[in-house]
Structures are given as structure tokens and as C-alpha cells.
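To start, the structure itself, in C-alpha cells.
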Amino acid sequence: VAPPCTQERHYEHLGRCCSKCEPGRYLSSKCTPTSDSVCLPCGPDEYLDTWNEEDKCLLHKVCDAGKALVAVDPGNHTAPRRCACTAGYHWNPDCECCRRNTECAPGFGAEHPLRLNMDTVCTPCLLGFFSDISSSTDTCRPWTNCSLLGRLEAQPGTNKSDVVCSSSLTLRKPPKEAQIYLP
Amino acid sequence: VAPPCTQERHYEHLGRCCSKCEPGRYLSSKCTPTSDSVCLPCGPDEYLDTWNEEDKCLLHKVCDAGKALVAVDPGNHTAPRRCACTAGYHWNPDCECCRRNTECAPGFGAEHPLRLNMDTVCTPCLLGFFSDISSSTDTCRPWTNCSLLGRLEAQPGTNKSDVVCSSSLTLRKPPKEAQIYLP
Amino acid sequence: HLTINAANIPTGKSIFTLSSWYHDRGWAKISNMTLSNGKLRVNQDGFYYLYANICFRHHETSGDLDSEYLQLMVYVIKTSIKIPNYQNLMKGGSTKYWSGNSEFHFYSINVGGFFKLRAGEEISVQVSNPSLLDPDQDATYFGAFKVQDI
Amino acid sequence: HLTINAANIPTGKSIFTLSSWYHDRGWAKISNMTLSNGKLRVNQDGFYYLYANICFRHHETSGDLDSEYLQLMVYVIKTSIKIPNYQNLMKGGSTKYWSGNSEFHFYSINVGGFFKLRAGEEISVQVSNPSLLDPDQDATYFGAFKVQDI
Amino acid sequence: HLTINAANIPTGKSIFTLSSWYHDRGWAKISNMTLSNGKLRVNQDGFYYLYANICFRHHETSGDLDSEYLQLMVYVIKTSIKIPNYQNLMKGGSTKYWSGNSEFHFYSINVGGFFKLRAGEEISVQVSNPSLLDPDQDATYFGAFKVQDI
């Protein structure tokens, strides 16, 4: 029974059903009436990631440090290299270049985990948290717990500022179980 | 008598005197020993404004709003489209682009009628007229006639400023014929 | 030689594959190749010289630009039914500062190169800031001609 | 391939049809086409690849520019005895800000395209700001070569 | 068609003759001409169309530029064993102001021209600011193809 001429792994040539080259190899010469395709391995820095009848392999792209790119996957003969922007930058398809990550204004924090090659996602600080700086990495921080320090709250916290504890020490000893910080 | 082979409407081909195509049509095929030229009409957005032996019509230019151009004559199959700069701008052949119209400084007025696509022509304000602004459209304005308002002239006008009438009313009634304004 | 279809310039500023070209009016013409939804398809294997000329322009009457800092780019890309994603053949352009106080800005890019192309492969043109494209036939065009057989 | 006649660079800044090219010295050469007062005339119908490279430059020793805001452009145009006015085949260039405090400014434009030309048609080159033209033979030139018959 | 060898981009900013090109991978290919230490040697007399596309780029992560005022240039030159020093065939480029507060700058140059070349003559490419060269194969390349015999 003639092997099925599946399009994914075969091609038709001179009325014959010949085998394509596997990923990582290119078609050096087509099949002949008497012999099947001749496939040769891709050269340095080249790849082909599909069964193919290409007469040349594809060149790996350059993860150009001069464009703030780093290789996140070096790729090999059968898989393309993948690049991403260096920390603090994200890939912007409009300019096809690495743009500075957005800084979250005071009152907002950077959502974690920070995702490589993606812009910062800023979320407003929830009640009990604050951020008093512009940053593309810092999350909102919890308000200081004055009672833990045996102090009184002199000024309430906002989403942009920490609470201010009174300077004088209260005489009462702080309760044990209150040691754990708010999440 | 063979028709005269006038250059304007005929061309010579294979020793014959053949007819050119009229404006709006192009020469689809030249004459042969046995048949005259074959002319076909121009396609959409195309024109030919002369008797011709062209094998293709000319493309109408684009009155590109993105360059502040508007079509003053859309043109048709036999006449080219004509563009002009939108109001407030004039065609500058140096940059082949629409430049802002010049603003006439105080003491000068824009000559009317304003001509489309041409730069402002500023002329100094004549005696009795003034302009106290920079404008690419305003003409010089006549001095206010204090006597008409039954006032006295507190300050004389200049080419850049109006006369200033005294605030107090004079008792004398203004003479009738002085109603008409200076040209 | 294909010229931009002036009536169908895309808006927006993100990278856009131009799909609407004239092939039969003015300087535009095509032979031995086919144009299908903006892609110039190769019918005969051969060595071709590819070229593209893209003009960008902005006049103050169109209102302010979103940003005065622009990156105006052209990418000539190759796609083929056999290989899924596209490959960049040529790129050109410039970062630009188009300040608000000038009434008119203009910039043109030209790229060209000699490539081995197979029947079935398709050439198309991507640009940044498509809404700034100059629609004149002498401004924005691309093309190819065969120089040698393989 | 025609190179600019360095001895005959026009002055002034308005658009100017360059009429003085070398055709027989340095890299300049001409065959199967004729040069008459700056126009490259086609003698044989055919498909030609046309190209032009124009360089502009200004050194402070030449004094201040009238304006620091410039539009440096090239237009490759076609004229023919049969059709009165000229047609723009290709254009390129850029608006530029050449600030006074830099001593030297330079900018080059390149355009190219594939056109069907008829015997009798003429190609010529217009530029803006002719007095800023770089007179070197490797800087300012234009040319054409026939690729195919019609 | 030769593309820049990304692994071997020279540093520094003075004019540099590029000597390291790919000739056999990606879009790079060569036939009827030979590449020896970065020079493209002509084997057959003929009329050739020469072209070069050079891209420069700078990202703030590479640190500050020595100066924000740059002159980014390409020179395509011809050398031959018979004539000692080289001859400039084509040049292109621009003076640029790449201000520190932009995170990314990019600029591309394209030149092309039709030249009569003799067997034994060699074409090479000089650039200014080599450390700013974009190493992508679609960005920095040069090439030639023969159009006619002499």
C-alpha cells in the first residue's frame, strides 16, 4: 500500500509522493523517480520548525542588546529563538522596540508577579495600603501598625501616605497575638 | 484630397496619417494599413486633456486633506483636477506644501478680496484708518468719528490705534452731512 | 509597481499591513505577478529586485499628533503558504520629533534589495502610523522586477 | 548614471529643475539614452528602473540659513513632447530643523522605482534648496537602466 | 546580497570599513562574485546595480551617547589592485540630534546606483558610528546584481 501522501509530511513531485524534510533539516534536492528527497541539517544560527520543502533554513533573529533585547529562549535547529526586553522595559509592537515600563503613580502599586516583556499593571492601593512613590516595580505597602509599636495613631494613613504614629509611648504592653502583620 | 495630417489631431504610422484620440480617450491600438486608431475611454480617476496617442490615461492627483488641500475643480475625463490650500493657507511652491498665511502686523491691513490659495497681501493703513491687531484677514478700520457721537477727540488716532473720544457730551448738535463715514 | 490606494488609507498609529494598492492606474502596473488583498504574489521562481518608497506627512490642519515623538517605519515582509509566520526581508525608517509649532512635517523612506523568491511566496508592506501616509502615487509605492532565473 | 555638474550648482532655495549633469566623467556614463539640457531622454520603449540620490549639506562658514526650518525634497519627473505639463514619478525628502548652533548639517534622499517609458519621453530631477546641494559625484546623481522590453 | 554578521559588529564611532558579512545564511547569498574579508569582488566585467541599506539604533539601556549630535553615514567604495586608494561610489546619511531623554533612536539610510565594474574590482562599505549598527539581517545589508555585459 503506497504511503499516504499526507500534506504535512509529503509533497508531490514528478507525480510521486515524496517525503518532506523534518524540522531542523532543509530540502537539499528534490526526489527523483528513483530516489527520495535529500535533506541536510540547518547551518549555524539557522532553524526550520516544520516539516518542509524549503531550499534554505531560516536565520535565527538577533536578540540585540543594543535594542535592550535579551534571549529568553536561544532556540535551536528546530525552534526559533525568542527575545524579550530587558528588565524595566516591555516590547511595544507599534515601534517594534523596547519601551520603558509605566511607573505607577503614588496611590497605585505595580501588580505582582511582574511579567517579563509586559508593561506594568498599576492597581489602586486598597484600604490599609499606600504608595507614596512613582515606581514600575513597587507594590502598595501596608500602613504601619502603631499599636504594635505601642504607639497611638497621630495621623490616619491614605492610599498615598503611611499612618503617622504619635511619638510618645503608651504605658500598656501590646497584646501578643497582634504581632502578625496585615497581609 | 487626403485629410491634412495636422500634428494636433493626427500622427504618422506605417506611412499613414492616422487620427489621434480625443481628450478623455487613450490610444488602445495604433492604426493599421486597413483600420484607423482604436481609442478607449479613460478609467475612473483618470484623464487626458489633449488629443493624444498615449497608451494610458493620466491619473488625477489627490487633493490630500492631510496636506490641507481641497479640490477647487474635481476635474473629469478631459480636464485635470485642481487643488488649493484650505482657508488660511496658501500654496508655497518651494516646499510644495500649504503654508500659514502671513499675518498683517498692527498698522497694516489685509488687502481684500482675500484670494484663495494666495498669501495675504498686507498694505499699510491709510490716514484715518488703523489696525491694532495681527491678522491675516482683517482690513484697516476707520477711526471712530467722535463728533458723530457728539464727543470731542481726546486723543488722535494713529495707524495702529483708534482715536479716543472724550467722555463728556458736547452741547452742540452734530452737523447732518457728516453722517457718511470716510471710505 | 503598485501605488497606494488613496481612497483607502487606514487610520490609527499601530503597525499595519497595507492591503489596498492600485495595480492598473497611473504608474501602477503588474505583469507576471498577481496582487491579492495587498500581497504581491510571485508566479515564477527567480531573483527579484524588491523596492518600496513610503512617505509620511502631517499638516497642522489635521489637528495635533498624539505625541511629537514618532517612529516612522516600513517593513517589507515575505509570507508563504508553506511557512506559517512571516519573515522580515527589509526594514527602514527613523525616529522623529515632529514639534507642534511647525505647520507641516514630511519624511520619506526608501528600501531596496535583491532576493531569491519562489512561486507562491508573497511580498507585503507593513508601516507604522498608517494615518500619516502620503496618498500620492509618486510618494507611497512598492514593487519588484525579475532580474534572473534561478 | 549622471552625476551633478559641480561647477554649475544653482543658487536660491526655491524648487529648481537641475539641468547640468555630467554624463562622461567619473562614474557618469550614458548609453542608449541621450542627455539634452539636463533631461535624460528615452530612445527605446521599455521598462526602466529609475533611481536618484540627492545630498544636501550646510556648513556654518557659508553663513546662516534664511530659516532653520527646511523642507529638503527631490522630485523625479517625466515630460514628453506629446503631453504639455510634467508628471511626478517619484518624490522623497524630509522636513528638517537645522539649528544654527551646529556647524555642519547633512541629509541624503534616495528614491527608486520601475517605470514603463516610451521613446521620446524625458526624465529630469527637481530639488528644493538647490544651493544646499552636495556637489560630490558620489552624493548627487540619478540614472536609469532598461530591464525589459515592452 | 550580503547581510551584516551580527556576531562581529565593530565598536567605536569613527568611520570603519565593515569586513564581516554573511553570504550564506538567511537572505544572504552570493553567485558569480566572491567575498573576501568583507570585500565583494567582481569576477565578470559588466554593468551592475549596487545598493546598500544601513540601520543605526540606540537604546538608553546601552548608556548615554558620547554626544547627542551625530553624523550617521554610509560610503560604498570601490578598490582595485590596480588603483591604490579607494574611490567613493555612493554616499548617504544624515546629521542627527539624538536627545538623551528619548529611550530609543533609529535611522536608516539607503543608497543605490548603476556602475560599470571590471573583474578584480572590489566593493566594500564604510559606515560611521559602527557600534550603533542594527545587526538584523533586514536592517543592514548591501549587494549587487549584474544587469548588462559591457
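The values are calculated or read from the model by the stated rules, or taken from the named source; none is laboratory data. Just so it is clear, the model here is predicted, and its values are computed rather than measured. As a convention, Cβ positions derive from the backbone with ideal geometry for all residues, glycine included, and neighbour counts pool all protein chains shown. Note: accessible area is taken over every heavy atom of the protein model, side chains too, but ligands, DNA and RNA are not part of it. Shrake-Rupley method; radii C 1.70, N 1.55, O 1.52, S 1.80 Å.
Any idea which of D:L65, D:L18 is touching a His at 6+ places or on another chain (Cβ under 7 Å) and over 22 Å from E:Y48 (Cβ atoms)? So the residue among D:L65, D:L18 that is touching a His at 6+ places or on another chain (Cβ under 7 Å) and over 22 Å from E:Y48 (Cβ atoms) is D:L65. Within the stretch E:130-143, count every residue that is within 8 Å of chain C (Cβ to nearest Cβ) and open to solvent by less than 20 Å² (accessible area, probe 1.4 Å). Count: 4.
Condition check for A:T86 on (1) out of contact with any helix residue (DSSP H, G or I) (no Cβ under 8 Å at 6 or more places or on another chain); (2) within 13 Å of another protein chain (Cβ to nearest Cβ); (3) at pLDDT 90 or above; (4) open to solvent by 20 Å² or more (accessible area, probe 1.4 Å): one failure, at (1). Checked against the criterion of being at pLDDT 95 or above and among the small types (G, A, S), the candidates E:A144, E:A119 yield just one match: E:A144. Against the condition in contact (Cβ under 8 Å) with a residue 12 or more places away in the chain and within 14 Å of the chain's Cα centre (by Cα), how does E:I15 come out, does it pass? When the stated conditions are applied, E:I15 passes them. Taking strands (runs of 3 or more DSSP E) as the structural unit, those lying wholly within the stretch D:74-129 and holding at least 2 residues that are more than 9 Å from every other protein chain (Cβ to nearest Cβ) correspond to D:121-127.
Among the residues of the stretch B:103-122, the ones that are within 14 Å of chain C (Cβ to nearest Cβ) and open to solvent by 60 Å² or more (accessible area, probe 1.4 Å) come to 1 in all.
Here's the yes/no breakdown for (1) polar (S, T, N, Q); (2) at the interface with another protein chain (Cβ under 8 Å from one of its Cβ atoms); (3) in contact with a Leu (Cβ under 9 Å, 6 or more places away or on another chain):
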{"residue": "E:R25", "(1), (2), (3)": "no, yes, yes"}
{"residue": "E:K29", "(1), (2), (3)": "no, yes, yes"}
{"residue": "E:N32", "(1), (2), (3)": "yes, no, no"}
{"residue": "E:S36", "(1), (2), (3)": "yes, no, no"}
{"residue": "E:G46", "(1), (2), (3)": "no, no, yes"}
{"residue": "E:Y49", "(1), (2), (3)": "no, yes, no"}
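Could you tell me whether the stretch B:120-131 includes any residue that is under 18 Å from the mean Cα position of the chain (by Cα) and closer than 30 Å to B:S19 by Cα? No, that holds for no residue. Only one of the numbered conditions (1) more than 7 Å from every other protein chain (Cβ to nearest Cβ); (2) hydrophobic (A, V, I, L, M, F, W, C); (3) over 23 Å from C:S19 (Cβ atoms); (4) part of a strand (DSSP E or B) is not met by C:I54, and that is (3). In the stretch A:97-122, the residues that are of a type in the set (K, R) reach residues that are part of a loop (DSSP other than H, G, I, E, B) with C-beta atoms within less than 6 angstrom, at least six apart or across chains, in these pairs: A:R100/E:E103.
If you filter the stretch C:82-103 down to residues that are under 30 Å from B:T102 (Cα atoms) and open to solvent by 10 Å² or more (accessible area, probe 1.4 Å), you find that the one that is nearest to the chain's Cα centre (by Cα) is C:K96.
Checking each residue in the stretch A:29-47 for being in contact (Cβ under 8 Å) with a residue 24 or more places away in the chain and part of a strand (DSSP E or B) picks out A:P41, A:E46, A:Y47. Screening A:D132, A:D119 for residues that are of a type in the set (D, E) and farther than 30 Å from C:G93 by Cα leaves exactly one candidate, A:D132.
Filtered by the rule that a residue be in a strand (DSSP E or B) and facing another protein chain (nearest Cβ under 7 Å), the stretch C:59-72 gives C:H59, C:Y69, C:Q71. Which of the residues that make up the stretch D:56-86 are touching a residue at least 40 places away in the same chain (Cβ under 8 Å) and under 17 Å from B:D94 (Cβ atoms)? The answer is D:F56, D:H58, D:D66, D:L70, D:Q71, D:L72, D:M73, D:V74, D:Y75, D:I77. Say we look at the stretch A:27-61 and pick out the residues that are out of contact with any Leu (no Cβ under 8 Å at 6 or more places or on another chain) and either among the hydrophobic types (A, V, I, L, M, F, W, C) or more than 23 Å from C:F115 (Cα to Cα) (or both); which of these is surrounded by the fewest Cβ atoms within 10 Å (Cβ to Cβ)? Among residues in the stretch A:27-61 that are out of contact with any Leu (no Cβ under 8 Å at 6 or more places or on another chain) and either among the hydrophobic types (A, V, I, L, M, F, W, C) or more than 23 Å from C:F115 (Cα to Cα) (or both), the one surrounded by the fewest Cβ atoms within 10 Å (Cβ to Cβ) is A:T34.
In the condition set (1) in a strand (DSSP E or B); (2) more than 12 Å from chain D (Cβ to nearest Cβ); (3) open to solvent by 10 Å² or more (accessible area, probe 1.4 Å), C:K146 is compliant with all but (2). One residue alone among A:V1, A:V62 is in a loop (DSSP other than H, G, I, E, B) and modelled with pLDDT under 90, and that residue is A:V1.
Across the stretch A:131-147, what is the number of residues that are over 16 Å from A:E111 (Cβ atoms) and open to solvent by less than 30 Å² (accessible area, probe 1.4 Å)? Of the residues in the stretch A:131-147, 1 are over 16 Å from A:E111 (Cβ atoms) and open to solvent by less than 30 Å² (accessible area, probe 1.4 Å). For the stretch A:19-26, indicate whether the set of residues that are under 27 Å from the mean Cα position of the chain (by Cα), more than 8 Å from chain E (Cβ to nearest Cβ) and either surrounded by fewer than 18 Cβ atoms within 10 Å (Cβ to Cβ) or basic (K, R) (or both) is non-empty. Checking the stretch A:19-26: at least one residue is under 27 Å from the mean Cα position of the chain (by Cα), more than 8 Å from chain E (Cβ to nearest Cβ) and either surrounded by fewer than 18 Cβ atoms within 10 Å (Cβ to Cβ) or basic (K, R) (or both).
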